[in-house]
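A short write-up of the structure that comes next.
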């Protein structure tokens, strides 16, 4: 495109086709970050499927009704100290599968195209198995489903059947023998979310209720005794000071005392007294 064509085409802005804004789902953030459905066999082998993938399976099934739906399941093979387990990452619908009311069938061309799309969308995943839907007839494999599952020879290969109108919603089968895995609840109830703070409120955080302190009640008598002892000591000091004042007043008024002051000593009898001699 030349510069002139670019300038001329600026008024024709690109408008995407279809709905731009998607639906808003009602889901807590605790569920959105940790929710998985876990399925386990008798040997302890486990498969974890995120709730988002379960919701996508059910959505595909509802949109395809009254026909059935078919797709491939991708994920990761994992190991830990307890052994091998699978983590489902997503699913890829087989858009060229032949479907009618009660039957769905893939072809070599449609399956090859679906596998190629799965490698493009999930480069860090492997093909784990297949999934399809039932329409109001439950989530149990039929004889045809079991024959199809037998073509998946790996022991970890999954077969998932969903029915949005069944209370169980889906069942997970494993291996060429179609071993049904039991659902396991690994996540307990979500912790309550803290209440939202009011940004317009001027009050601080609520004051916690006062709790009793038994030890403080036990210290109260001791404090009373200490205060009483301090009061008695102060009273004794006051009485002693008052007695000393009385003694000093008596000495000050005694005419026999020398003029040297109240702190002068008393002249012993028979001793010469210069003050008294001067008075003669």
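The values are calculated or read from the model by the stated rules, or taken from the named source; none is laboratory data. Computed from a predicted structure; not experimentally measured. All Cβ positions, glycine included, derive from the backbone under ideal geometry; neighbour counts span all protein chains shown.
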TODO: Name, by its number, the condition in (1) more than 18 Å from residue 53 (Cβ to Cβ); (2) buried (at least 20 other Cβ atoms within 10 Å of the Cβ) that does not hold for residue 135.
DONE: (2)
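Residue check: is residue 102 touching a helix residue (DSSP H, G or I) at 6+ places or on another chain (Cβ under 7 Å), closer than 25 Å to residue 134 by Cβ and free of Cβ contacts under 8 Å to residues at least 40 places away in the same chain? Let's see the steps before the verdict.
On the way: touching a helix residue (DSSP H, G or I) at 6+ places or on another chain (Cβ under 7 Å): no; closer than 25 Å to residue 134 by Cβ: yes; free of Cβ contacts under 8 Å to residues at least 40 places away in the same chain: yes.
Against the criterion (touching a helix residue (DSSP H, G or I) at 6+ places or on another chain (Cβ under 7 Å), closer than 25 Å to residue 134 by Cβ and free of Cβ contacts under 8 Å to residues at least 40 places away in the same chain), residue 102 does not qualify.
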Task: Selected residue [over 34 Å from the mean Cα position of the chain (by Cα), assigned to a loop (DSSP other than H, G, I, E, B) and touching a residue at least 12 places away in the same chain (Cβ under 8 Å)] from 153, 146, 168 - done: 153
Open item on the list: Looking only at the range 167-181, filter to residues that are out of contact with any strand residue (DSSP E or B) (no Cβ under 8 Å at 6 or more places or on another chain) and under 15 Å from residue 148 (Cβ atoms); which one of those is surrounded by the most Cβ atoms within 10 Å (Cβ to Cβ)?
Closed with: 175
TODO: Quick one: which strands (runs of 3 or more DSSP E) lie wholly within the range 36-91 and hold at least 2 residues that are crowded, with 19+ Cβ neighbours inside 10 Å and in contact with a helix residue (DSSP H, G or I) (Cβ under 8 Å, 6 or more places away or on another chain)?
DONE: 70-80
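Residue by residue through the range 138-164, note down the ones that are surrounded by 16 or more Cβ atoms within 10 Å (Cβ to Cβ) and either touching a helix residue (DSSP H, G or I) at 6+ places or on another chain (Cβ under 6 Å) or more than 22 Å from residue 98 (Cα to Cα) (or both). Don't jump to the end; show me each part of the working.
Going through the range 138-164, the residues surrounded by 16 or more Cβ atoms within 10 Å (Cβ to Cβ) turn out to be 139, 141, 145, 148-149, 152, 156-164.
Matches in the range 138-164: 156, 157, 159, 162, 164.
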- [ ] Kindly indicate whether any position in the range 104-123 is under 21 Å from residue 181 (Cα atoms) and touching a strand residue (DSSP E or B) at 6+ places or on another chain (Cβ under 8 Å).
- [x] no
TODO: Could you grab me the full set of residues in the range 176-187 that are part of a loop (DSSP other than H, G, I, E, B) and modelled with pLDDT of 95 or more?
DONE: 176, 177, 178, 181
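Which of the residues belonging to the range 92-114 are assigned to a helix (DSSP H, G or I) and crowded, with 18+ Cβ neighbours inside 10 Å?
Narrowing the range 92-114 to residues assigned to a helix (DSSP H, G or I): 108-114.
Listed by number, the list holds a single entry, 114.
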TODO: Test residue 72 against the stated conditions and say whether it is closer than 15 Å to residue 159 by Cα, modelled with pLDDT of 85 or more and in contact with a strand residue (DSSP E or B) (Cβ under 6 Å, 6 or more places away or on another chain).
DONE: yes
